[in-house]
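Student: This is the structure I have questions about; it appears just below.
The values are calculated or read from the model by the stated rules, or taken from the named source; none is laboratory data. Everything quoted here is computed from the prediction, not taken from an experiment. Ideal geometry is used to build each Cβ from the backbone, glycine not excepted, and the neighbour counts take in all protein chains shown.
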Amino acid sequence: MVFKFLRGQLIDVIEWLDPSRDTLVWRFERYGNSIMMGAKLTVREGQTAVFIHEGQLADVFAPGLYELQTNNMPLMTALQHWSHGFNSPFKSEIYFINTRRFPGLKWGTQNPIMLRDPEFGPIRLRAFGSYTIRVSEPSTFMREIVGTDGDFTQDKISGQIRNIIVQKVSRVLAGSGIAALDMAANTQQLGEVVREGIDPTLDEYGLDLVEFYIENISLPPEVEKVLDQRTSMGIVGDLNKYTQFSAAQAMQNASEGGGENAMGAGLGMGMGMGMAQAVAQGMAGMNQQQQQPQQQPQQPPAGAAPPPPPPPPQEKAWHIAENGQTKGPYPAAQLGQMLAEGSFGRDSLVWAPGQDGWKKAGDVDELAPVFASSPPPPPPAG
């Protein structure tokens, strides 16, 4: 029982082996025990030990191995008036502060940021990213943030830091004057401005904002949808060629399926190409009309003679092939006379400009009036 009592009263080794990755401050648990003068204090790299004596912040120990004596605890010695040395146990709270970097902390705008874009006008933006902090002034951090919390994690301070960041980001983006479509190319510059603006506030907490990143600045979904449509139109370019290309792809896909799919794709391709050509021609005609000024018909001056009538259309003439020779040309009236004389008939070969090769006169519709007044050949005898 005596050994157990002495073991509870005296603590020889004071250290903190951090099993977590998110603890900023951890209080050395004494369970009501006293600390023996001459005890060993181990402060590892990335740590700082702070002694709180009777509610007052006393000595601060950097990384190293210490044997607690009055000569290395000047503030504690002054508070307890240990000017002539002291070897008895004493009571004091010891806090270990993690001074390493805490990376990968996230921030984001819960509500959109309203700003006036030089291209789109009033617009809403969202932004998010990450940041890294560390404790730069352990004494200030203990006084301003931690207090008597014996297990202070990064979650307890990240919310407050996030609010500070979002407030500063909103001001920087709104006052940058950079177009929304150009902000992606300026995130590094904007991040530096935000970090420089936040540092003075965090210095008051004993913290340092080591790194700050803006990972994304996004438009509202409805604006992104319209922007995608605008981008698609720019990529399509020539509507007629794009429609032909799409129809060819559909035809190829349907031909692989075979059967009715191929027939339907062929009809769809023809209709699509026709519609595309009609749209393209209509747009081209509208553009031509807009570019060319409308010309008003010229009126003849008063008292001038009216213009002469246009000449009558030229009558069509026909050539006749006979015995390997070509005769003519003859107008239709002369062919009627030749019909009456017997030198021209339905089986005569004729040709006129615009006709596709030689034909029998009886098969040419335009010569039907010539044979109207003449009876057809009699049927064969017998």
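Student: State all residues of the range 18-57 that are aromatic (Phe, Trp, Tyr) and in contact with a strand residue (DSSP E or B) (Cβ under 9 Å, 6 or more places away or on another chain); if no residue qualifies, say none.
Tutor: Of everything in the range 18-57, those that are aromatic (Phe, Trp, Tyr) and in contact with a strand residue (DSSP E or B) (Cβ under 9 Å, 6 or more places away or on another chain) turn out to be Trp26, Phe28, Phe51.
Student: Across the range 1-34, what is the total count of residues that are closer than 17 Å to Val146 by Cβ, modelled with pLDDT of 80 or more and not hydrophobic (A, V, I, L, M, F, W, C)?
Tutor: 5
Student: Checking Glu45 against (1) at pLDDT below 90; (2) more than 11 Å from Phe96 (Cβ to Cβ), which test does it fail?
Tutor: (1)
Student: Would you mind stating whether Ser176 is closer than 30 Å to Phe28 by Cα and either out of contact with any helix residue (DSSP H, G or I) (no Cβ under 9 Å at 6 or more places or on another chain) or outside the structural domain of Asp59 (by TED's automatic domain parsing) (or both)?
Tutor: no
Student: Filtering the range 86-108 down to residues that are at pLDDT 90 or above and of a type in the set (Val, Ile, Thr), which residue is surrounded by the most Cβ atoms within 10 Å (Cβ to Cβ)?
Tutor: Among them, the one singled out is Ile97.
Student: Follow-up question, since we're still on this one. Whether any residue in the range 50-59 is at pLDDT 90 or above, surrounded by 16 or more Cβ atoms within 10 Å (Cβ to Cβ) and not assigned by TED's automatic domain parsing to the domain that holds Thr153 is what I want to check.
Tutor: Yes, the range 50-59 contains a residue that is at pLDDT 90 or above, surrounded by 16 or more Cβ atoms within 10 Å (Cβ to Cβ) and not assigned by TED's automatic domain parsing to the domain that holds Thr153.
Student: So how many residues does the range 173-188 have that are surrounded by 14 or more Cβ atoms within 10 Å (Cβ to Cβ) and closer than 21 Å to Ser130 by Cα?
Tutor: 6
Student: Further, regarding this structure: Any residue that is part of a strand (DSSP E or B) and of a type in the set (Gly, Ala, Ser) - is there at least one of those in the range 115-123?
Tutor: yes
Student: Let me ask something else. Any idea which residue in the range 134-157 is nearest to Asp59 (Cα to Cα), counting only those that are touching a helix residue (DSSP H, G or I) at 6+ places or on another chain (Cβ under 7 Å) and not in a helix (DSSP H, G or I)?
Tutor: Looking at residues that are touching a helix residue (DSSP H, G or I) at 6+ places or on another chain (Cβ under 7 Å) and not in a helix (DSSP H, G or I), I get Val135.
Student: Report, by residue number, each residue of the range 140-151 that is in contact with a strand residue (DSSP E or B) (Cβ under 7 Å, 6 or more places away or on another chain) and within 12 Å of Tyr205 (Cβ to Cβ).
Tutor: Phe141, Met142, Arg143, Val146
Student: Moving on. Determine which member of the set Ile133, Ile123, Ile145 is out of contact with any Pro (no Cβ under 9 Å at 6 or more places or on another chain) and in contact (Cβ under 8 Å) with a residue 24 or more places away in the chain.
Tutor: One residue alone meets the criteria, Ile145.
Student: Being farther than 27 Å from Thr48 by Cβ and not small (Gly, Ala, Ser) narrows it down to one of Pro103, Pro138, Pro112, so name that one.
Tutor: None of the other options fit; the residue is Pro112.
Student: Which residue, of Gln167, Gln160, Gln154, is on the phi < 0 side of the Ramachandran plot, touching a strand residue (DSSP E or B) at 6+ places or on another chain (Cβ under 8 Å) and of a type outside the set (Val, Ile, Thr)?
Tutor: Residue meeting the stated conditions: Gln154.
Student: State which residue is surrounded by the most Cβ atoms within 10 Å (Cβ to Cβ) when the search covers only the range 200-240 and only residues that are in a helix (DSSP H, G or I) and modelled with pLDDT of 90 or more.
Tutor: Per the criteria, the residue is Leu202.
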